[in-house]
Amino acid sequence: MAAVPKDQPPIGGVFFHQIALFNIAEIKAGELAEDRANGAKVAILASMVIADHEALAPDILRLANKKHINLPTQLDARNRSVVKRLEASKPNDFDGIYLRQLISDQKAAIGLMEVEARSTKNIDKKEFIVATLPILRKHADDAAEILKESTDQH
């Protein structure tokens with residue numbers, strides 16, 4: 001039997017692997033936004049995103065541990081690329097780039113969770129998803145509202 005490459009999640013662990021990567025990425029991007037945001041609302045949203053995703057981390061770990069799934073502890077290539085793009089952005093462009101990325105990432109995670117919620121038989125996983133979806137939707141909605149406000153002003 002061939003060994004599973006280090007960066008590949010085990011069968012059955014794909015959901016937890018993807019959610020853990022998403023969580024790490026949102027915290028890292030949020031930390032950049034706290035430091036680099038031009039608008040106070042963007043910095044406040046970034047702080048909320050960090051706090052919410054740090055609060056989710058123990059639940060993700062607990063659920064994965066129940067299934068003996070090892071989770072990633074650092075960004076994958078895709079998310080490293082996203083962070084590098086944020087780091088390289090011009091100061092005046094940062095807020096818009098961050099907000100658009102946040103909206104995109106939240107929508108992707110929401111989609112993943114909605115699909116998983118329909119197919120999983122695992123009660124703990126379903127409860128985690130039901131509790132987490134409103135948080136992710138709020139992040140996406142708040143980011144979209146701030147983005148709209150900033151484009152309406154220009």
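Restricting attention to region 142-150, does a residue exist that is among the polar types (S, T, N, Q), in contact with an Asp or Glu (Cβ under 7 Å, 6 or more places away or on another chain) and either over 15 Å from GLY30 (Cα atoms) or crowded, with 18+ Cβ neighbours inside 10 Å (or both)?
Yes, region 142-150 has at least one match.
Within the set of pairs 6 or more residues apart or between chains, which connect a residue that is in contact (Cβ under 8 Å) with a residue 60 or more places away in the chain inside region 16-37 to a residue that is among the acidic types (Asp, Glu) and surrounded by 21 or more Cβ atoms within 10 Å (Cβ to Cβ) with Cβ atoms less than 7 Å apart?
Once the first residue is in contact (Cβ under 8 Å) with a residue 60 or more places away in the chain and sits in region 16-37, its partners that are among the acidic types (Asp, Glu) and surrounded by 21 or more Cβ atoms within 10 Å (Cβ to Cβ) give PHE22/ASP105; ALA25/ASP105; GLU26/ASP105; ALA37/ASP95.
Going by what's in this entry, would ARG100 be described as among the basic types (Lys, Arg) and at pLDDT 95 or above? Give the steps one after another, and end with the answer.
Numbers: among the basic types (Lys, Arg): yes; at pLDDT 95 or above: yes.
Judged against the criteria, ARG100 is a match.
Assuming LYS67 fulfils every condition listed in (1) buried (at least 17 other Cβ atoms within 10 Å of the Cβ); (2) touching a Gly at 6+ places or on another chain (Cβ under 9 Å) apart from one, which condition is it?
Failed condition: (1).
Which of the numbered conditions does PHE22 fail, given that it passes all the others? Conditions: (1) among the hydrophobic types (A, V, I, L, M, F, W, C); (2) surrounded by 20 or more Cβ atoms within 10 Å (Cβ to Cβ); (3) touching a Gly at 6+ places or on another chain (Cβ under 9 Å).
(3)
Does at least one position in region 69-82 carry a residue that is under 12 Å from PHE22 (Cα atoms) and among the acidic types (Asp, Glu)?
There is at least one residue in region 69-82 that is under 12 Å from PHE22 (Cα atoms) and among the acidic types (Asp, Glu).
Tell me whether region 49-66 contains one or more residues that are touching an Asp or Glu at 6+ places or on another chain (Cβ under 7 Å), of a type in the set (A, V, I, L, M, F, W, C), closer than 17 Å to SER104 by Cβ and not in a loop (DSSP other than H, G, I, E, B).
Scanning region 49-66 turns up at least one residue that is touching an Asp or Glu at 6+ places or on another chain (Cβ under 7 Å), of a type in the set (A, V, I, L, M, F, W, C), closer than 17 Å to SER104 by Cβ and not in a loop (DSSP other than H, G, I, E, B).
Looking at ALA77, ALA88, which is the one that is small (Gly, Ala, Ser) and under 17 Å from the mean Cα position of the chain (by Cα)?
ALA77
The values are calculated or read from the model by the stated rules, or taken from the named source; none is laboratory data. None of these values were measured; they are calculated from a predicted model. Cβ sites come from the backbone with ideal geometry, for glycine too, and all protein chains shown count toward neighbours.
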